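Scroll down for the structure; my scribbles are underneath it.
The values are calculated or read from the model by the stated rules, or taken from the named source; none is laboratory data. Everything numeric here is computed off the predicted structure, so don't read it as measured data. Neighbour counts are summed over all protein chains in view; Cβ atoms, including those assigned to glycine, are modelled from backbone coordinates with ideal geometry. Remember, those area values only see protein heavy atoms, side chains included, never the ligands or the DNA or RNA. Shrake-Rupley method; radii C 1.70, N 1.55, O 1.52, S 1.80 Å.
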Amino acid sequence: MAQIIDGKKISTQIKDEVKEQVAALKQKGIDVTLAVIQIGKDPASTVYVGNKKKACEYVGIRSLAYELPEETTEEKLLELIRELNDRTDVNGILVQLPLPEHIDEQAVIHAISPLKDVDAFHPVNVGKIMIGDYDFLPCTPAGIMELIASTGVDISGKQCVVIGRSNIVGKPMAMLLLQKNGTVTICHSRTKNLKELAASADILVVAIGKPKFVTADMVKEGAIVIDVGINRMEDGKLCGDVDFDSVEPKAGYITPVPGGVGPMTIAMLMKNTLHAAKLQHNLA
Ligand code: NAD
């Protein structure tokens with residue numbers, strides 16, 4: 001039987017620490033502020049943006065919501081980002097992805113000032129992560145590192161397998177595990193021997209968006225299994241990329257969905273926004 005890694009509890013601890021520091025900055029006259037931009041009304045994005053706003057309220061970060069219509073032009077969006085870059089009272093800027101097809105996602109990511117890039121998607125911040133000298137870490141991989149740390153297991157020398165190679169989860173995740181001296185393998189949709197590789201992992205991180213993809217035969221006895229996937233099933237329930245019921249008896253530690261990685265992502269966003277405010281006021 002695996003120990004369940006309680007992302008809800010750990011994320012609350014992190015948010016409570018952020019809350020204290022946000023209050024301390026307020027005493028100094030700094031009102032930590034996050035601008036959240038959503039284009040269109042994608043239901044999943046609306047839920048994520050709502051959760052981010054709630055977290056801001058909890059930790060005392062002021063959130064500025066920009067809810068723009070689906071037909072907003074790229075130029076208009078870039079103009080808003082430039083305006084927010086220039087505002088000294090705005091510390092972090094987050095553009096909820098995905099964007100409508102007529103907007104170039106990369107152009108938007110490039111437009112955000114690296115100092116306000118609390119998602120850490122800007123190429124400058126991505127590059128800094130590669131060399132291990134960073135201001136911000138992308139929220140989901142950073143949250144996963146906290147979850148792994150909570151187990152007390154040392155990553156150094158462990159076989160780490162990341163399934164999925166997205167820019168926001170898989171690739172930076174592999175880099176962070178490597179920085180902690182893990183022996184890292186990245187698997188993806190073209191990987192030939194995925195089952196064997198997954199089954200060799202002491203630490204297995206799954207981020208592919210395929211419900212219950214990882215089954216017990218793909219998991220090593222006692223492994224740490226981190227399930228990043230958020231899949232909405234026909235009955236409306238959420239389910240991960242890992243078949244929890246079959247894997248849980250075999251794993252050493254496992255994250256549930258919901259209540260695992262998801263709340264950590266938002267907690268780390270709060271942490272990044274606080275850090276952005278400190279950087280901008282030379283307090284970091
Ligand atoms: P993505 O959709 O950008 O990329 C999916 C990746 O999975 C690709 O690299 C692809 O090569 C790989 N893949 C697809 N099918 C595969 C297969 N059969 N075998 C091996 N690899 C395969 O992914 P993403 O944006 O990283 O999201 C992945 C999942 O994580 C989604 O369910 C998403 O909703 C979820 N997610 C959760 C959080 C969170 O906070 N919990 C954050 C980000 C993403």
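Among the residues of the stretch 255-262, is any under 23 Å from Pro172 (Cβ atoms), within 13 Å of the ligand (Cβ to nearest atom) and assigned to a helix (DSSP H, G or I)? Show your work before the answer.
Quick first cut of the stretch 255-262, residues under 23 Å from Pro172 (Cβ atoms) only: 255-262.
Narrowing the set further to residues that are within 13 Å of the ligand (Cβ to nearest atom) leaves 255-262.
Then keep just the ones that are assigned to a helix (DSSP H, G or I); that gives 261-262.
The answer is yes, given that some residue of the stretch 255-262 is under 23 Å from Pro172 (Cβ atoms), within 13 Å of the ligand (Cβ to nearest atom) and assigned to a helix (DSSP H, G or I).
Here Ala201 fits the description: within 16 Å of the ligand (Cβ to nearest atom), more than 18 Å from the chain's Cα centre (by Cα) and buried (at least 16 other Cβ atoms within 10 Å of the Cβ).
Looking at Thr191, Thr185, just one residue is outside any loop (DSSP other than H, G, I, E, B) and polar (S, T, N, Q), and that residue is Thr185. If the condition is being in a helix (DSSP H, G or I) and either within 11 Å of the ligand (Cβ to nearest atom) or at pLDDT below 95 (or both), then the stretch 210-244 contributes only Met218. Per this entry, Lys9 is not counted among residues that are under 17 Å from the mean Cα position of the chain (by Cα) and surrounded by 15 or more Cβ atoms within 10 Å (Cβ to Cβ).
For Asp86, indicate whether it is open to solvent by 70 Å² or more (accessible area, probe 1.4 Å) and farther than 28 Å from Ile148 by Cβ.
For Asp86, the condition - open to solvent by 70 Å² or more (accessible area, probe 1.4 Å) and farther than 28 Å from Ile148 by Cβ - is met.
Test Gln21 against the stated conditions and say whether it is touching a Leu at 6+ places or on another chain (Cβ under 6 Å) and part of a helix (DSSP H, G or I). Criteria met by Gln21.
Within the stretch 246-268, is there a residue that is open to solvent by 70 Å² or more (accessible area, probe 1.4 Å) and of a type in the set (Asp, Glu)? No - not one qualifying residue is present in the stretch 246-268. Could you please find all residues in the stretch 117-133 being part of a loop (DSSP other than H, G, I, E, B) and buried (at least 19 other Cβ atoms within 10 Å of the Cβ)? Result: Asp117, Val118, Asp119, Ala120, Phe121, His122.
Quick grid of which residues meet (1) basic (Lys, Arg); (2) without any contact (Cβ under 8 Å) to a residue 40 or more places away in the chain:
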| residue | (1), (2) |
| --- | --- |
| Ser189 | no, yes |
| Lys210 | yes, yes |
| Ala216 | no, yes |
| Glu221 | no, yes |
| Asn231 | no, yes |
| Asp235 | no, yes |
| Gly240 | no, yes |
| Glu248 | no, no |
| Pro258 | no, yes |
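For the stretch 150-166, taking the residues that are touching a helix residue (DSSP H, G or I) at 6+ places or on another chain (Cβ under 9 Å) and under 22 Å from Ile14 (Cβ atoms), the one that is least open to solvent (accessible area, probe 1.4 Å) is identified as Ile155.
Conditions (1) under 18 Å from the mean Cα position of the chain (by Cα); (2) not acidic (Asp, Glu), marked per residue:
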site: Leu68; (1), (2): no, yes
site: Glu74; (1), (2): no, no
site: Leu80; (1), (2): no, yes
site: Asp89; (1), (2): no, no
site: Leu94; (1), (2): yes, yes
site: His110; (1), (2): no, yes
site: Asn125; (1), (2): yes, yes
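A Cβ distance below 6 Å, combined with a sequence gap of six or more or placement on separate chains, defines the contacts here; from the stretch 87-114, residues that are over 13 Å from Phe136 (Cβ atoms) reach residues that are part of a loop (DSSP other than H, G, I, E, B) and of a type in the set (Gly, Ala, Ser) in the pairs Pro100/Gly40.
Taking the criterion of being open to solvent by 50 Å² or more (accessible area, probe 1.4 Å) and within 22 Å of the chain's Cα centre (by Cα), the residues of the stretch 21-43 that qualify are Gln21, Lys41, Asp42, Pro43.
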